[in-house]
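Have a look at the structure below, then the notes.
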Amino acid sequence: MVDSSQPQHLFANVLARVHAVCGVLAAEGGWPAGIDLSRVVVEPPRDAAHGDMATNAAMVLAKEARAKPRDLAEAIAAKLRADDLIASVDVAGPGFINLTLKPQAWSDALRTVLREGAGYGKSPMGAAEKVNVEYVSANPTGPMHVGHCRGAVFGDALCSLLQFAGYDVTREYYINDAGAQVDVLARSAFLRYREALGETIEIPEGLYPGDYLVPVGQALAAEHGDKLKTMSEGAWLPLVRATAIAMMMDMIKTDLAALHIKHDVFFSERSLIETGNNKVTETIDFLRSKGDVYEGRLPPPKGGAPVEDYEDREQTLFRATAYGDDVDRPLMKSDGSYTYFASDIANHKNKFDRGFANLIDVFGADHGGYIKRMQAAVKAVTAGRATLDVKVVQLVRLLRHGEPVKMSKRSGEFVTLREVVDEVGSDAVRFMMLFRKNDAVLDFDLAKVIEQSKDNAVFYVQYGHARGHSIFKNARELVPDLPEDTGARAAYLLDAAVERLTDPAELSLLRLLALYPRMIEAAAVAHEPHRIAFYLYDLASEFHALWTRGRDLPYLRFIINNDAEITKARLALVQGVVSVLASGLAVLGVHAPTEMR
């Protein structure tokens, strides 16, 4: 059997015990060598009435073990019943195995939370593997809008989650500063420059009308006086473009800082083509040498459906269909310049050349059709040695009391990220942007996210943390030596008689606390930080429910004046709850207040 004294979290501990049993059965039954136990999982059952945990071991191993799933499940169950941590084992259906643990498992799990403190839930799973996460990457043509906001929060929380799970994460922003849109930006800024010199201007269709370019025009006027007006467009365009991009990026970084988001790398698309050796040309030549680039014609789209990059002409094509895409993709435009896709291939090859084989891109809702071609490109330029996971962040519908919010005067066409953060605060923005799966449309109501009610998830979770600290404050009348410092308090409560926590509501909280490390690992594997937000809401809800029960049933209160032992045990439970709430909120980048104002 597994040595239960090893510092394993509960789900990992039980999984190790299931693996050990399978190893014994393999030796006894002569299973083929090298059976893959990584497919075996231990997880909470779908129905809590079925026990504390469930394992699929018999279902996934039966074929290789040359046994019927039900028969194998019975054999596994028989050995698990001898385990000192397991109270009962039941086999259900075709071979599912449900486990009920002995009460000591939950007491020990709480002590693990107290002992590990802020480190509880951290995982060595990532093994310091390098991961590159590219997110936001908004065109540097104006302030970030609320849609960018969701991608920014999602990407940043995903990075924190992966770091918590043991990965070596690089946060990257890809600056799209080489396309036609930055020339449009420069022409728009040039009009504001003329305005700063006293001219009356009109902004024509196709240029950026927002007031955010007024400071750019003023900066250009201060630096150049009226000299730019005497130059040809070919002469002033690169000067204006460089200033405009730099000022837009400063604005974007300031907006991101309001959400406590900071990237490690800002990588310029222009650097791929303006260095001594053109990386885009180099990448295309590399693909051509492998037979992955050819000159040819694309067939017209089936059914006459429009395709954005279809042209009926001989052109340079990437053989994307050889790597899982639906059609081959153009690399050169009719004017001889590179397509965005060509630059994106070079960008991802550059990441691989920098040592990243684990790549994650966060795309906006309008880039879903881009996923297959990028994954095909990464396979091609890395010979399949790198993986690219693309997470699509869907649209945000911005509301106030259920009604759509009007566009921003500052941007001219959308509500800016900064306006939203300034109105409701970064905590509400970050939590609520994650309180829905990334690929589902999100309704963000500016009025609801500042309500102090259970219906406002961020308030409810933060209130749970603050309520825990309020309980500690009140408990000092009975337990005057209860430390205020979190670490010292956890150490003080380690010897509490937590075995006395036997009420179903208390046990439910203990089970949730024990689940936290497994939830972190599962969320990290799936690249889904919203799971943390969901978990924290469930934990806070159970905690608030127990507090409410104590108000109605005095014997369940956290502080029992004539029973110091049960009080200390319940304070240990409260410490476990606030510790995990603080941990999860930290991963999401949300403040854990000790009191609500």
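Nothing in this text is a laboratory measurement; each read-out follows from the coordinates by a stated rule. Here the structure is a predicted model, which means the values were calculated and not measured. Because the Cβ atoms are built from the backbone with ideal geometry, glycine has one as well, and the counts that use them run over all protein chains shown.
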Percent relative contact order of the stretch 379-476, based on C-alpha pairs within less than 8 angstrom and at least six residues apart?
29 percent
Find the relative contact order for the stretch 396-450 and round it to a whole percent, using C-alpha pairs within less than 8 Å whose residues are 6+ positions apart.
54 percent
By per-residue mean of other Cβ atoms within 10 Å, what is the highest-first order of 385-396, 219-230?
385-396, 219-230
Please list, or write none, the aspartates and glutamates whose alpha carbon is within less than 18 Å of the alpha carbon of Lys568, excluding same-chain residues fewer than 8 places away.
Asp108, Glu477, Asp481, Glu484, Asp485, Asp495, Glu499, Asp503, Glu506
Given the peptides 586-593, 569-576, arrange them by the average over their residues of other C-beta atoms within 10 Å, most packed first.
569-576, 586-593
Between beta-carbons, use under 9 Å as the cut-off and find the net charge around Lys262, counting Lys and Arg +1, Asp and Glu -1.
0
Note, Glu199: beta-carbon cut-off 12 Å, +1 each Lys/Arg, -1 each Asp/Glu, net 0
Which whole-number percentage describes the relative contact order of the chain, with Cα contacts under 8 Å and a sequence gap of 6 or more?
15 percent
What's the center-to-center distance, using Cα atoms, between the stretch 158-237 and the stretch 271-287 in Å?
25 Å
By per-residue mean of other Cβ atoms within 10 Å, what is the highest-first order of 155-167, 127-139, 332-344?
155-167, 127-139, 332-344
Helical mean residue ellipticity (222 nm; -39500 (n - 2.57) per DSSP H run of 4+; nearest 500) of the chain
-15500 deg cm²/dmol
Which value results when the Cα radius of gyration for the chain is divided by 2.2 N^0.38 Å?
1.16
If you fit an axis through the alpha-carbon atoms of helix 564-588 and take the longest principal axis of the Cα set of the chain, what angle between them do you get, 0 to 90°, nearest 10?
20 degrees
The chain: angle of helix 279-289 to the longest principal axis, Cα-based, in degrees nearest 10:
80 degrees
Neighbours of Ala105 by Cβ distance under 13 Å: Lys/Arg at +1, Asp/Glu at -1, summed charge -1
In whole angstrom, and with the biggest value first, how far do the Cα coordinates of the stretch 180-258 range along each principal axis?
39, 27, 25
P(r) weight above 18 Å for the stretch 457-588, C-alpha pairs, percent
53 percent
Chain lengthening between Gln452 and Asp90 when straightened (0.36 nm per residue, less Cα-Cα):
125.9 nm
Under a crude label model (7 Å from the Cα following the beta-carbon direction), how far is Ser232 from Met332 in nanometres?
2.5 nm
Under 5 Å from the placed amide H of Ser88, counting only residues 5+ away or on other chains, we find Thr100
Using the structure shown, select from Lys351/Lys391; Lys130/Lys379; Lys391/Lys454; Lys102/Lys122 the pairs with a Cα to Cα distance greater than 20 angstrom.
Lys391/Lys454; Lys102/Lys122
Taking the Cα centre of each part, how many Å lie between the stretch 469-507 and the stretch 79-121?
23 Å
